[in-house]
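Chemist: One structure follows; several queries about it will come next.
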Protein chains: 2
Amino acid sequence: MKRVFMKINIVVILLIVLINGGFCFAQSPATIVEDFKPSSVNQPGKEFPKVNSEGRVRAQISAPEAHQVQLDIGAVKYDLVKDEKGIWTGESAPQDEGFHYYQIWVDGAAVPDPGSLYFFGAGRWGSGIEIPAKDQDFYTLKNVPHGELRDVHYFSASTNSVRHAYIYTPPSYDKDNSKRYPVLYLQHGMGENETGWGNQGHANLIMDNLIAEGKAVPFIIVMENSSVKFERPREPKPVPRTRDDFAGEFKKVLLNDLIPFVEANYRVIGDPNHRAMAGLSMGGMQTRLITLANPDKFSQVGMFSGGSISMDDLTNTPDFKKNVKLLFISYGSRELENPRGGSGGDPKANTEALKGAGMNTHFYVSPQTAHEWQSWRRALNEFAPLLFR
Amino acid sequence: MKRVFMKINIVVILLIVLINGGFCFAQSPATIVEDFKPSSVNQPGKEFPKVNSEGRVRAQISAPEAHQVQLDIGAVKYDLVKDEKGIWTGESAPQDEGFHYYQIWVDGAAVPDPGSLYFFGAGRWGSGIEIPAKDQDFYTLKNVPHGELRDVHYFSASTNSVRHAYIYTPPSYDKDNSKRYPVLYLQHGMGENETGWGNQGHANLIMDNLIAEGKAVPFIIVMENSSVKFERPREPKPVPRTRDDFAGEFKKVLLNDLIPFVEANYRVIGDPNHRAMAGLSMGGMQTRLITLANPDKFSQVGMFSGGSISMDDLTNTPDFKKNVKLLFISYGSRELENPRGGSGGDPKANTEALKGAGMNTHFYVSPQTAHEWQSWRRALNEFAPLLFR
C-alpha cells in the first residue's frame, strides 16, 4: 500500500511540474540540488549542517525517541524526517548569502544544533551557519600578515565593575613601537555583544585583508558590549523611547571609561581627527545619538542598518557638520525594499541632502541582503578604506 | 487513579525514609538543600542551570512535547520531571568543586543546555557548569592590572596552513617596550583545544592574580591546538601507540613553526633557560615526550595529570637531568585513589626518586578533585610561582 501511494505521489508531482513548465517548489525534495557541503562554521569533524549551491540548509540530528524535530531558520520552521535509525534530516528553503542564526526544535525544546559552532545573537549563544557568498574572499582567512584580536579587561567607574572588550590591533602594531594609530569604536546590534564583530563579522580578517592589499590605513578597532544595564526584546524598535534609555548608559562607559583606558594603554592618536565611531542596527542608532551629542569627540561616523543623519540634525547640531569629516550610511538592499522607518528618516534622501549641503557623505547598499551580518561585513569593507584619509 | 498512585508512592517513600532512620538518598528530593543559585557560567540573564551548597546541579528546560528529558553530568543521566506547562526540572547528585562538562538529552537527542555558556571538550562545544570552590578566589576576575589574551593567526609550514593560537601577555607587557619575557608553552587535554586554558582554565586570571600579589614572575603563555592531523576517541589511552603518532605532528608545529613565530614577533627571551613547556592529560604526555626528546630546548617542565618522569628516563636522556631546572608533576587526589597507570610509572615514587637524584622536582596533589579542570587550575596556580626563578 505504501509503495503504491509513493508511486502515485511521484506521478502527481511530475504532472504538476510538467503542467507548471519547470516551476520549482521551494519545499519539494525533487527540486533540491544534491551538492551539499558541510558549513564552514561547523564544529570540528562534524558533517552536518550542510549547505547546497541554492543556499538550502540541510540539518541532521539523532533523536530516536522524538516525534517532531524541526530546523528553525529565517523565522520559518522546517520539519525534519526520521529514518529507521532515529536520525532526523531535512532542508530549509534557499537562504541569502552570508551568516544566519538558527536553532533546532526537538519535541518542543528549542536547542542549539550540536553540529554547528555557536555565536551570540538574539540574546543567547546559539547555532550559526554560513551560506557561501560570491564575494566571501574579502573576509576569508589568508596567509597575509595578521593583526591580533585582544581579549581585554578594564575597570569601569561608571558601572563599578571590571568590563570586557575586544581590541583589534593591526599587523604592524608590535613591529614599530614609535608608531601611533587612529581608533574606530565599533558596536554590535541588539541582542548581540562584543564578540559579534570578531566571530560573525570577521572584522579582524576584513582589516587584515584590506591592509595587506594596501586598501586601508592600519587602525585599531575597539569592540565593547553596549547593552549596559538594560535588557531588551529580540527586535529593536525603530525609535528608542528616550535617548538616555537607549544610548545613555553606554555613552557614559564609552566616554568616561573606555576611551580614556584605550588612550592610556594603547599607542593611539588621541584626538577627534583620529577617532571614529560606527555600529550596526542598535549600534548604528547609538552611534547616531552619541556622535550627535558629542560632535567634538568624533570626526568619522558610520551607521550600518541603523538610521541616518538628517538636515534637521545638522540644523540642531551645527558642530556635527563642522567637525565630522566622513559620514557613512549603509543598508542591505532588502531592508530598503521593505523600509521600516529607522532613526532620522529616509536614509538615501538624507544622504543626498547632506551631500548637497557639502558633507562628505557615502551611501552604500549591500546587494541581495537583509538586516543581517553579510550586509554589515560588506559595510565595514566599504567603510574602512575611507577612514582616516 | 494517577492521584491515588502518587499518594501511595509518597507514602512508600516516607516509610522507606523512616525505616532507614535518616539515611540520605542521593536522588530523593527530600534531602536536597534549597539554596540553589544560577551557575556563574550561565548565559546572560539565564536563571538555570543552578547549583546548591551541596554541589548539586538543577537543570531546567522547556520541552512541552517530550516524553523523556535527562541531565547528563559526571557520566550519570538524571531524569528531569515535567510540570503542567511542559517545563522539565531535576537535579544531579553532588558534584566535585570546579568546572564540569554536561549535556541534556531530549527524547534521545544529546544537545547543549540553552542556559549555559559553551566550552570545547570531549571533541565538541557543549555545556559547562561551575560548582563554587572554597579556593575559587585565585581564579576570580578582580580589579587588578590585567594581561591580554591575544587571538593570534600565524602560518605553519609543517601543516601548510594558517594556524590559530592564544597568547597571554602579562599586564606590564605594553608598558615597557624594552623588557623581554620568558615563555610557557601550555597544552590542553584530549578532545580539547587552544580555547581550554583561557575559557575553562582561567589561565589569564590566575596569572593576573599571581602577578598582582607578587607571587609569580610575569611571563608569556602560548596556547595552541595540539590535536594536529589526528582525531582520537573521548578518553586518552594510558600509553600512546607510538611516539610519533601521539606527539609527533604537534612537535613539528611547535618546534619548527610556533616557537620561531613567537620569538620573532613577541618580546621574549629566546633561550632554553626562559622556555617552559607544560600540559594537562594528553598535553602532559606530549610535554613528557617532547621535552625528553628535546632536553636542549626546555629548562622547565610541568605535567598535570599526564604522567611523570622516571629514573629510566633520566638514564636514557642524561641531558634532561642536566638541563631541566624545574620539574613539576601534579594529579587530582581522586586520580591517585584510582590510579590508571599513566606515562612513566607511579608519579609519586618517580618524583621521590628524582628528588633523591638531585633534580628540582615538585609533586602537587589537588585535594578532592579528579581528572578535571579544578585539578589543572590549581596545578597552574602552584606551578607558575616556581617558574623562571
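The values are calculated or read from the model by the stated rules, or taken from the named source; none is laboratory data. These numbers come from a predicted model, not from an experiment. When we count neighbours, we look across all protein chains shown, and the Cβ atoms used for this are built from the backbone with ideal geometry, even at glycine. The accessibility values were calculated without ligands, DNA or RNA, using every heavy atom of the protein model including side chains. Shrake-Rupley method; radii C 1.70, N 1.55, O 1.52, S 1.80 Å.
Chemist: I need the inter-copy label distances for residue A:271: point set 7 Å along Cα to C-beta, values in nm with one decimal, smallest first.
Modeler: 4.5
Chemist: Would you mind telling me which residue in B:193, B:160, B:360 has the biggest mean-square fluctuation in a Gaussian network model of chain B, where springs connect alpha carbons within a distance under 10 angstrom?
Modeler: For chain B, modelled as a Gaussian network with Cα springs under 10 Å, the answer is B:160.
Chemist: In addition: Using θ = phi - 60° and the Karplus curve 6.51 cos²θ - 1.76 cosθ + 1.60, what whole-Hz ³J(HN,Hα) does each residue of segment A:201-207 get, with Gly and Pro shown as x?
Modeler: Result, rounded to whole Hz: x, 6, 4, 5, 5, 4, 5.
Chemist: Using only Cα atoms and rounding to the nearest 10 degrees, what angle (0 to 90) does helix A:2-19 make with the longest principal axis of chain A?
Modeler: Rounded to the nearest ten degrees, it is 60.
Chemist: Using DSSP to define loop residues, name the chymotrypsin sites (Phe, Trp or Tyr not before Pro) in segment A:51-134 whose beta-carbon has at most 10 other beta-carbon atoms within 10 Å.
Modeler: Nothing satisfies the criteria.
Chemist: Distance check, please: which entries in A:77/B:82; B:251/B:348; B:37/B:85; B:134/B:322; A:142/B:50; A:251/A:325 exceed 31 angstrom between their Cα atoms?
Modeler: B:134/B:322; A:142/B:50
Chemist: Using θ = phi - 60° and the Karplus form 6.51 cos²θ - 1.76 cosθ + 1.60, what ³J(HN,Hα) does each residue of segment B:219-226 get, whole Hz, x for Gly and Pro?
Modeler: Listing the rounded values in order: 9, 8, 10, 10, 10, 10, 8, 8 Hz.
Chemist: Still on this structure, I have one more. May I ask what percent, to the nearest 5, of DSSP beta bridges between residues of chain A are antiparallel?
Modeler: In chain A, DSSP labels about 65 percent of beta bridges as antiparallel.
Chemist: With unit charges on the beta carbon (Lys/Arg positive, Asp/Glu negative), name the residue among A:98, A:44, A:55 whose Cα is farthest towards the positive pole of the charge dipole of segment A:33-132.
Modeler: So the residue furthest toward the plus end is A:44.
Chemist: Distance between Cα centroids, segment B:258-334 to segment A:26-94: provide it in whole Å.
Modeler: Computed from Cα coordinates, the inter-centre distance equals 46 Å.
Chemist: Ok, one more. Would you calculate the separation in nanometres between label points at residue A:180 and residue A:53, each defined as 7 Å from the Cα along the Cα-to-beta-carbon direction?
Modeler: Reported label-point gap for residue A:180 and residue A:53 is 5.4 nm.
Chemist: If amide hydrogens are placed 1.01 Å from N in the peptide plane, which non-local residues have theirs closer than 5 Å to the one on residue A:184?
Modeler: Under 5 Å from the amide H of residue A:184: A:220, A:221, A:222, A:276.
Chemist: Let me ask something additional. Under the 0.36 nm per residue contour assumption, what length would be gained going from the current alpha-carbon distance of residue A:160 and residue A:355 to full extension? Don't skip to the end; give the middle numbers.
Modeler: Numbers: separation 195, 0.36 × 195 = 70.20 nm, distance 4.26 nm.
Fully extending the segment from residue A:160 to residue A:355 adds 65.9 nm.
Chemist: Can you give me the long-range amide H partners of residue B:148? Hydrogens built in the peptide plane at 1.01 Å from N, cutoff under 5 Å, separation of 5 or more residues or another chain.
Modeler: Amide H to amide H, under 5 Å and 5 or more residues apart or across chains, residue B:148 pairs with B:169.
Chemist: Still on this structure, please answer the following. Please compute P(r) over all alpha-carbon pairs of segment A:33-132, binned at 5 Å starting from zero, and give each bin as a whole-number percent.
Modeler: 3, 15, 25, 28, 19, 9, 2, 0
Chemist: Highest mean first, how do A:174-187, B:130-143 rank when packing is the count of other Cβ atoms within 10 Å averaged over residues?
Modeler: With the highest mean Cβ count within 10 Å placed first, the list reads A:174-187, B:130-143.
Chemist: If I model a spin label as a point 7 Å beyond the Cα along the Cα-Cβ vector, how far apart are those points for residue A:135 and residue B:85 in nm?
Modeler: 4.5 nm
Chemist: How big is D for segment B:113-207, in µm² s⁻¹ as a whole number, if Stokes-Einstein is applied with the Kirkwood radius of its Cα pairs at 10 °C and 1.306 mPa s?
Modeler: 102 µm²/s
Chemist: Set the Förster radius R0 to 51 Å, insert the Cβ-Cβ distance between residue B:93 and residue B:273 as r into 1/(1 + (r/R0)^6), and round the FRET efficiency to 0.05.
Modeler: Computed FRET efficiency for residue B:93 and residue B:273: 0.60.
Chemist: With each run of n ≥ 4 DSSP H residues scored as -39500 (n - 2.57), what mean residue ellipticity at 222 nm is computed for chain B after dividing by its residue count and rounding to the nearest 500 deg cm²/dmol?
Modeler: Working: 11 runs with 93 residues, N = 389.
Per the formula, -6500 deg cm²/dmol.
Chemist: Which percent of the accessible area of the protein assembly as shown is formed by carbon and sulfur heavy atoms (probe 1.4 angstrom)?
Modeler: 55 percent
Chemist: Separate question: For chain A, take the longest principal axis of its alpha carbons; what is the angle in degrees between that and the long axis of helix A:347-356, to the nearest 10 within 0 to 90?
Modeler: Approximately 30 degrees, to the nearest ten.
Chemist: In addition: Relative to the longest principal axis of the C-alpha atoms of chain A, give the angle of the C-alpha long axis of helix A:373-383, reported between 0 and 90° and rounded to the nearest 10°.
Modeler: 30 degrees
Chemist: How big is the Cα convex hull of segment A:259-389 in projection, averaged over all directions, in nm²?
Modeler: Working: hull surface 31.0 nm².
Mean shadow area of the hull around the Cα atoms is 7.7 nm².
Chemist: Using protein chains only (no ligands, no nucleic acids) and a 1.4 Å probe, work out which residues of segment B:135-175 have their accessible area cut by at least 20 Å² relative to the chain alone.
Modeler: Those residues are B:141, B:143, B:146, B:148, B:149, B:150, B:151, B:153, B:155, B:162, B:174, B:175.
Chemist: Still on this structure, please answer the following. When DSSP beta bridges are limited to those with both residues in segment B:252-383, what percentage is antiparallel, rounded to the nearest 5?
Modeler: Among the beta bridges of segment B:252-383, antiparallel pairing accounts for roughly 0 percent.
Chemist: To the nearest 20 Debye, how big is the dipole of segment A:30-135 about its Cα centre, given +1 on the beta carbon of each Lys and Arg and -1 on that of each Asp and Glu?
Modeler: 200 debye
Chemist: Distances from residue A:135 to the same residue in each other copy, label points 7 Å out along Cα→Cβ, in nm, shortest first?
Modeler: For residue A:135, the inter-copy label distances come out at 5.5 nm.
Chemist: What does the buried accessible surface come to for B and A, summed over both chains, with the probe at 1.4 Å? Round to 100 Å².
Modeler: In total, this chain pair buries about 3600 Å².
Chemist: I've got another one for you. Give the calculated FRET efficiency between residue A:75 and residue B:316 to the nearest 0.05, with a Förster radius of 60 Å applied to their Cβ-Cβ distance.
Modeler: Values: r = 64 Å, r/R0 = 1.07.
About 0.40, to the nearest 0.05.
Chemist: Nm distances between the label at residue A:333 and the same-position labels in the remaining copies, 7 Å along Cα→Cβ, shortest first?
Modeler: 6.7
Chemist: Another one. Rolling a 1.4 angstrom probe over the protein heavy atoms, how many square angstrom per residue are accessible across chain B?
Modeler: Accessible area per residue: 42 Å².
Chemist: State to the nearest 20 debye the size of the charge dipole of chain B about its Cα centre, where the only charges are +1 on K and R beta carbons and -1 on D and E beta carbons.
Modeler: Details: 42 positive and 44 negative charges, 68 e Å.
Using only the charged Cβ atoms, the result is roughly 320 debye.
Chemist: Another question, if that's okay. Give, to the nearest whole percent, the P(r) tail of the protein assembly as shown beyond 40 angstrom, counting all Cα pairs.
Modeler: 41 percent
Chemist: Something else: Can you tell me the dipole magnitude for the protein assembly as shown around its Cα centre, using point charges on the Cβ only (Lys, Arg +1; Asp, Glu -1), in Debye to the nearest 20?
Modeler: Charge dipole, the protein assembly as shown, about its Cα centre: 460 debye, nearest 20.
Chemist: Net charge near residue B:313, counting Lys/Arg +1 and Asp/Glu -1 over other residues with Cβ under 12 Å of its Cβ?
Modeler: After counting each charged neighbour, the total is 0.
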